[in-house]
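The values are calculated or read from the model by the stated rules, or taken from the named source; none is laboratory data. From a predicted model like this one, the values you see are computed outputs, not experimental measurements. As a convention, Cβ positions derive from the backbone with ideal geometry for all residues, glycine included, and neighbour counts pool all protein chains shown. The accessibility values were calculated without ligands, DNA or RNA, using every heavy atom of the protein model including side chains. Shrake-Rupley method; radii C 1.70, N 1.55, O 1.52, S 1.80 Å.
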Amino acid sequence: MIEKEVLKKAIEEAKRTMKEGVGGPFGAAIIDPDGKVYVSSNTVLGSHDPTAHAEVNEIRKACEDKKTHDLTGCVLYTTCYPCPMCLASAIWANIKEVWYGASAEDAAAIGFRDDYIYKYIEGHCTDKGVLALNEVDDPSGCKELFKIYEDEKREMY
């Protein structure tokens, strides 16, 4: 079964970076439509970057190599159910299929806080104790940027 073979690569990469102390138990792999495999792991601790999750690192690596922002036809494999950021990243990259090993509950059981974020989103992002989202009255011209982009018929992504 290809899923297990690919996940083994992601597991090995996660073990390597865990041993180095640069990331957690998270590894990811992408297979493109031609069968090319990319492998990455979580590097949050080593890079001091909270967005350096395995899936995000993997999407960045594949996009850079393929010189595109669109990974249509690629499949993502990850050692754990993706957090909200990683799910959104996969969707933004047009990845339509994800295989995972451990569950979100497995991650929560050892102290990862993905569930905290899911609850915030499920609550329509209104819990200001988690994050206060404040819309500015737009005298600064932010909305004008969108009008310009639309008028110039720029590429949608």
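Identify, from the list 92, 99, the residue that is closer than 26 Å to residue 118 by Cβ, touching a residue at least 60 places away in the same chain (Cβ under 8 Å), in contact with a helix residue (DSSP H, G or I) (Cβ under 6 Å, 6 or more places away or on another chain) and open to solvent by 10 Å² or more (accessible area, probe 1.4 Å). Reasoning before the result, please.
Numbers: 92 fails: in contact with a helix residue (DSSP H, G or I) (Cβ under 6 Å, 6 or more places away or on another chain).
Exactly one of 92, 99 is closer than 26 Å to residue 118 by Cβ, touching a residue at least 60 places away in the same chain (Cβ under 8 Å), in contact with a helix residue (DSSP H, G or I) (Cβ under 6 Å, 6 or more places away or on another chain) and open to solvent by 10 Å² or more (accessible area, probe 1.4 Å), namely 99.
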- Would you confirm whether any residue within region 53-69 is of a type in the set (Asp, Glu) and over 29 Å from residue 119 (Cα atoms)? yes
- Task: Give the number of residues within region 5-50 that are within 18 Å of residue 82 (Cβ to Cβ) and surrounded by fewer than 13 Cβ atoms within 10 Å (Cβ to Cβ).
- Result: 2
- Item | Residue list for region 71-89, restricted to those being more than 19 Å from residue 44 (Cα to Cα) and open to solvent by 20 Å² or more (accessible area, probe 1.4 Å) | 72, 73, 75
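Being within 23 Å of residue 121 (Cα to Cα), of a type in the set (Asp, Glu), touching a residue at least 12 places away in the same chain (Cβ under 8 Å) and in contact with a strand residue (DSSP E or B) (Cβ under 9 Å, 6 or more places away or on another chain) narrows it down to one of 55, 13, 3, so name that one. Before the answer, list the steps.
Numbers: 13 fails: within 23 Å of residue 121 (Cα to Cα); 3 fails: within 23 Å of residue 121 (Cα to Cα).
Just one listed residue meets the conditions, 55.
Residues checked against (1) touching a Ser or Thr at 6+ places or on another chain (Cβ under 9 Å); (2) aromatic (Phe, Trp, Tyr); (3) part of a loop (DSSP other than H, G, I, E, B); (4) touching a residue at least 60 places away in the same chain (Cβ under 8 Å):
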position	(1), (2), (3), (4)
115	no, no, no, no
121	no, no, no, no
131	no, no, yes, no
134	no, no, yes, no
140	no, no, yes, no
146	no, yes, no, no
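Being of a type in the set (Ser, Thr, Tyr) and within 22 Å of residue 8 (Cα to Cα) is the filter here, so list the residues in region 40-86 that pass it.
First, pick out the residues of region 40-86 that are of a type in the set (Ser, Thr, Tyr): 40-41, 43, 47, 51, 68, 72, 77-79, 81.
Those that are of a type in the set (Ser, Thr, Tyr) and within 22 Å of residue 8 (Cα to Cα): 40, 41, 43, 77, 78, 79, 81.
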- Could you say which residue among 114, 127 is at pLDDT below 95, under 15 Å from the mean Cα position of the chain (by Cα), charged (D, E, K, R) and surrounded by 10 or more Cβ atoms within 10 Å (Cβ to Cβ)? 114
